[in-house]
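The values are calculated or read from the model by the stated rules, or taken from the named source; none is laboratory data. Small disclaimer: the values here were computed from a predicted structure and weren't measured. A quick note on method: Cβ atoms are made from the backbone with ideal geometry, for glycine too, and the neighbour counts reach across all protein chains shown.
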Amino acid sequence: MSERFLLIGHPVAHSLSPAIHGAAYEALGRAGRYELVDAPDEAAVAALVERLRSGDIQGANVTVPWKRLALSLADRVDESARDVGAANVLARAPDGAVVAYNTDAPGLARELAELVDELGGWGKASGACVLGNGGAALGAVVACRLAGAKRILVTARAFRATEDPLSWSRAAALRRLGAELLPWPEPREGGGQGVQLAPEQLDGIQLVVQATSAGMHGADPGEGIGHLVPWTQVPRLAAYDLVYNPEQTPFLRRAVEAGHLARGGLGMLVRQAALAIEIWWGTLPPLPPLRRAAAHALAARAAKEPGDAGR
């Protein structure tokens, strides 16, 4: 009998998850169906969670904007989801309880650890800097810690130096995760290419994670975030952009042009899916076929709809 799994979100039509999960099920020799379900409101999400609780479906991924809601609807919350304050995986326990997990953070952590290893490993300062203060940034802070960073800075456009830091959006949540908050830099005199962090603010930083939607198809073009890091004035570092469509964002392009090590977010998407499958079936699928399937699906979409947005 084929087991049934869902992706719950709004919208979900352009998700790469079916391609990734299809490749995983084939690699594992399992009969599974993976479906996209567009849930337009909270009631629709609650109804789907109830179907999971009843056993009608065996597991679900959750994407924007319902990750925090999924956490609140679960019967039990795994530590991975509690730390981030959001769930992207729901599983049905043997007793029928719905358990919430987060595989985004551990999936990203493995990507970051691998990238830092390519750089030569963590140094004495073991510092990371996260750009953004949304849900993805919270997950990125947790991922940086899991990857081995001992000091984590966070800056976001909402962190205005003229305002009380205690009023900054999600400041309390980020501090609870151990992050240090930096005010967003002020525009430089004469304008130029936009705001930029001072090199001394990134002293000891070896990893920068871009955790906003800037640069994603259909979102902010990302030129501003690409210039935020003073790439030519800091030692070689690892740069990771959670955006995976397009493959080369302004953030990544600026990093590479200055000789830094850079990687986009497709690997995180694959790893979080693999970890979800491990939760549901108890077996971690091999990553290479999942990566190939994701890259192929993304390339096919780009060829068919070059101006479309990706998720």
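Observations on the structure shown:
Listed here are the residues, each with its yes/no results for (1) part of a loop (DSSP other than H, G, I, E, B); (2) in contact (Cβ under 8 Å) with a residue 40 or more places away in the chain; (3) closer than 29 Å to K124 by Cβ.
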| site | (1), (2), (3) |
| --- | --- |
| P187 | yes, no, no |
| G194 | yes, no, no |
| V209 | no, yes, yes |
| G218 | yes, yes, no |
| I225 | no, yes, yes |
| A239 | no, no, yes |
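- R30 being in contact (Cβ under 8 Å) with a residue 60 or more places away in the chain and surrounded by fewer than 16 Cβ atoms within 10 Å (Cβ to Cβ): yes
- The residues in region 241-273 that are part of a loop (DSSP other than H, G, I, E, B) and over 17 Å from the mean Cα position of the chain (by Cα) can be counted, and the count is 3.
- Within region 38-65, the set of residues being in contact (Cβ under 8 Å) with a residue 24 or more places away in the chain and of a type in the set (A, V, I, L, M, F, W, C) comprises A39, V45, A46, L48, V49, L52, I57, A60, V62, V64.
- Top-ranked residue in region 146-177 [being closer than 26 Å to S126 by Cβ and touching a Ser or Thr at 6+ places or on another chain (Cβ under 6 Å); ranked as surrounded by the most Cβ atoms within 10 Å (Cβ to Cβ)]: A149
- Among the candidates A300, A276, the residue that is assigned by TED's automatic domain parsing to the domain that holds H14, touching a residue at least 12 places away in the same chain (Cβ under 8 Å) and assigned to a helix (DSSP H, G or I) is uniquely A276.
- The residues in region 256-273 that are closer than 12 Å to R110 by Cα and touching a Pro at 6+ places or on another chain (Cβ under 9 Å) can be counted, and the count is 2.
- Search result, residues across region 11-27 that are in contact with a strand residue (DSSP E or B) (Cβ under 8 Å, 6 or more places away or on another chain) and buried (at least 16 other Cβ atoms within 10 Å of the Cβ): V12, S15, S17, P18, H21, G22, Y25
- Verdict on E180 being assigned by TED's automatic domain parsing to the domain that holds L28 and either modelled with pLDDT of 95 or more or touching a Gly at 6+ places or on another chain (Cβ under 7 Å) (or both): no
- Residue within region 8-21 that is part of a strand (DSSP E or B), modelled with pLDDT of 95 or more, touching an Asp or Glu at 6+ places or on another chain (Cβ under 8 Å) and more than 15 Å from I277 (Cα to Cα) present: yes
- Residues of region 227-245 satisfying the condition of being aromatic (F, W, Y) and farther than 25 Å from P106 by Cα: W231
- Only one of S54, S72 that is outside the structural domain of R176 (by TED's automatic domain parsing), out of contact with any Leu (no Cβ under 9 Å at 6 or more places or on another chain) and either under 30 Å from A172 (Cα atoms) or among the aliphatic types (A, V, I, L, M) (or both): S72
- Residue within region 198-205 that is free of Cβ contacts under 8 Å to residues at least 24 places away in the same chain and either basic (K, R) or more than 19 Å from L242 (Cβ to Cβ) (or both) present: yes
- Residue among A109, A46, A93 that alone is surrounded by fewer than 23 Cβ atoms within 10 Å (Cβ to Cβ) and within 17 Å of the chain's Cα centre (by Cα): A109
- When P288, P187 are checked against the criterion of being over 17 Å from the mean Cα position of the chain (by Cα) and not assigned by TED's automatic domain parsing to the domain that holds A140, a single residue qualifies: P288.
- Of all residues in region 228-245 being surrounded by fewer than 18 Cβ atoms within 10 Å (Cβ to Cβ) and not β-branched (V, I, T), the one that is farthest from A140 (Cα to Cα): Q233
- Taken over region 113-124, the residue count meeting the criterion of being touching a strand residue (DSSP E or B) at 6+ places or on another chain (Cβ under 8 Å) and either buried (at least 24 other Cβ atoms within 10 Å of the Cβ) or more than 14 Å from V208 (Cα to Cα) (or both) is 3.
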